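Visitor: Dumping the structure here so I can ask a few things about it.
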Amino acid sequence: MATKLRGRSFLCLKDFTREELEEFIFQAEKMKTDHYAGKDEKFLDGKTVAVLFEKPSTRTRISFAVAIHELGALPLVLETSNMQLIRGETITDTAKVLERYVHGIVARVYEHRTLKELAANASIPVINALSDYSHPCQALGDFLTIKEKKGTLKGVKLAYVGDGNNVANSLLIGGSILGLDVSIASPKGYEPSKEVVEIANSFAKFSNSRIFITNDPYEAVKDADVIYTDVWASMGQEAEHEKRVEIFRPYQINSELLKHAKVDVIVMHCLPAHRGEEITDEVLDGPHSVVFDQAENRLHIQKAILALLI
Ligand code: CP
Ligand code: NVA
């Protein structure tokens with residue numbers, strides 16, 4: 001695949017222009033169509049991609065392994081707890097060794113700076129499979145899903161209700177680049193960081209989109225086309241879980257909240273869901289929910305990301 005994206009890392013959506021993000025989505029749509037026609041193209045034939053995990057994963061682990069396989073490459077799915085990293089080998093040395101063996105590194109890490117260190121020390125693309133700061137593969141796959149369901153991204157109102165976390169950051173940044181209106185409702189003290197909101201506002205000026213941060217979930221979802229939520233305690237925040245459940249209770253996605261959005265609103269969740277906490281069974285399993293289409297699209301978008309970068 002001829003592309004000016006070749007060789008670049010994929011750490012944060014802010015590193016890409018609107019045209020580049022649209023190119024990933026366009027290629028994913030094409031690959032999805034080809035996949036259903038039984039015509040997967042082996043863009044990475046004979047290559048090898050390492051997929052590293054510091055944290056648990058179901059969707060990312062499996063969708064990346066399948067994506068790499070369907071592109072004709074070998075996925076090496078590794079737990080960092082089984083690597084010499086656990087015994088003190090540095091990230092820098094690990095990156096320098098990996099680039100001698102593989103053609104790309106996908107990594108899920110606790111600290112975003114680990115990804116930056118991998119990318120700075122490897123001459124091959126490094127792809128962020130979730131960090132404490134962002135989850136760009138998730139968000140880009142979500143924009144593919146929104147485009148499929150709503151026919152466009154421009155002017156779509158996406159309301160995220162919950163923790164101002166990694167997923168919220170990527171939706172804010174990606175949404176502001178791609179021209180969606182993004183509103184976020186979080187409890188006081190759990191809003192996205194000032195830095196991320198500033199980045200989103202600066203992109204929004206160019207794309208003519210609107211960014212709105214509030215503590216009121218009803219205000220955020222008013223006339224929304226998309227309502228999105230994520231867990232209240234992310235991986236690594238398990239000790240805060242009980243405290244957070246109390247604080248976040250008014251931010252649950254339930255049938256009452258849905259009434260304030262557009263009648264054809266779609267409900268999204270990156271999964272895994274804590275049913276009965278951030279979202280009720282009724283909504284997650286109800287007619288507005290697109291969560292499993294959303295999970296499937298991780299596969300198609302990641303194939304596009306891998307094929308364009310590697
Ligand atoms: N949404 C997501 O990244 O899921 P996993 O944690 O299961 O990979
Ligand atoms: N915010 C969640 C997303 C999981 C896919 C976490 O980081 O645990």
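The values are calculated or read from the model by the stated rules, or taken from the named source; none is laboratory data. The structure presented is a predicted model; accordingly, all values stated were derived computationally and were not measured. Virtual Cβ from ideal backbone geometry, glycine too; neighbours counted across all protein chains shown. Please note that ligands, DNA and RNA were not included when accessible areas were found on the heavy atoms of the full protein model with its side chains. Shrake-Rupley method; radii C 1.70, N 1.55, O 1.52, S 1.80 Å.
Visitor: Could you identify the single residue in 255, 234 that is closer than 30 Å to residue 49 by Cβ and of a type in the set (Ser, Thr, Tyr)? Give the steps one after another, and end with the answer.
Guide: Values: 255 fails: closer than 30 Å to residue 49 by Cβ.
When all the criteria are applied, what remains is 234.
Visitor: Could you grab the pairs with beta carbons closer than 7 Å, sequence gap of 6+ or different chains, first residue in region 74-88 and closer than 27 Å to residue 46 by Cα and free of Cβ contacts under 8 Å to residues at least 60 places away in the same chain, second one among the polar types (S, T, N, Q) and open to solvent by 40 Å² or more (accessible area, probe 1.4 Å)?
Guide: Taking only residues 6 or more apart or on different chains, not a single pair turns up.
Visitor: Being in a helix (DSSP H, G or I), without any contact (Cβ under 8 Å) to a residue 60 or more places away in the chain and polar (S, T, N, Q) is the filter here; which residues of region 90-138 pass it?
Guide: Listed by number, the residues that qualify are 92, 94, 121.
Visitor: Let me ask you something else. Of everything in region 128-148, what is of a type in the set (A, V, I, L, M), out of contact with any Leu (no Cβ under 7 Å at 6 or more places or on another chain) and more than 13 Å from ligand 1 (Cβ to nearest atom)? Give them in sequence order.
Guide: Result: 144, single match.
Visitor: Kindly establish whether residue 7 is without any contact (Cβ under 8 Å) to a residue 40 or more places away in the chain and surrounded by fewer than 15 Cβ atoms within 10 Å (Cβ to Cβ).
Guide: Working: without any contact (Cβ under 8 Å) to a residue 40 or more places away in the chain: no; surrounded by fewer than 15 Cβ atoms within 10 Å (Cβ to Cβ): yes.
Answer is no for this residue.
Visitor: Then there's this: Taking the options 168, 139, 159, name whichever one is over 12 Å from the mean Cα position of the chain (by Cα), aliphatic (A, V, I, L, M) and open to solvent by less than 10 Å² (accessible area, probe 1.4 Å). Don't jump to the end; show me each part of the working.
Guide: Details: 168 fails: over 12 Å from the mean Cα position of the chain (by Cα); 139 fails: over 12 Å from the mean Cα position of the chain (by Cα).
Of 168, 139, 159, the one residue that is over 12 Å from the mean Cα position of the chain (by Cα), aliphatic (A, V, I, L, M) and open to solvent by less than 10 Å² (accessible area, probe 1.4 Å) is 159.
Visitor: Of all residues being charged (D, E, K, R) and within 16 Å of ligand 1 (Cβ to nearest atom) in region 60-112, which is surrounded by the most Cβ atoms within 10 Å (Cβ to Cβ)? Just the residue, please. Don't jump to the end; show me each part of the working.
Guide: Residues of region 60-112 charged (D, E, K, R): 61, 70, 79, 87, 89, 93, 96, 99-100, 108, 111.
Checking the rest, the ones that are also within 16 Å of ligand 1 (Cβ to nearest atom) come to 61, 79, 108.
Values: 61: 18, 79: 14, 108: 25.
The selected residue is 108.
Visitor: Out of all the residues in region 81-112, which are within 16 Å of ligand 2 (Cβ to nearest atom) and of a type outside the set (A, V, I, L, M)?
Guide: Narrowing region 81-112 to residues within 16 Å of ligand 2 (Cβ to nearest atom): 106-112.
Residues satisfying the conditions are 108, 110, 111, 112.
Visitor: Can you tell me which residues in region 156-179 are without any contact (Cβ under 8 Å) to a residue 40 or more places away in the chain and not in a helix (DSSP H, G or I)?
Guide: Here is the first cut: in region 156-179, the ones without any contact (Cβ under 8 Å) to a residue 40 or more places away in the chain are 164, 169, 172, 175-176.
Passing the criteria: only 164.
Visitor: Something else about it: Checking residue 142 against (1) part of a loop (DSSP other than H, G, I, E, B); (2) under 30 Å from residue 246 (Cβ atoms), only one condition comes out false. Which one?
Guide: It is condition (1) that residue 142 fails.
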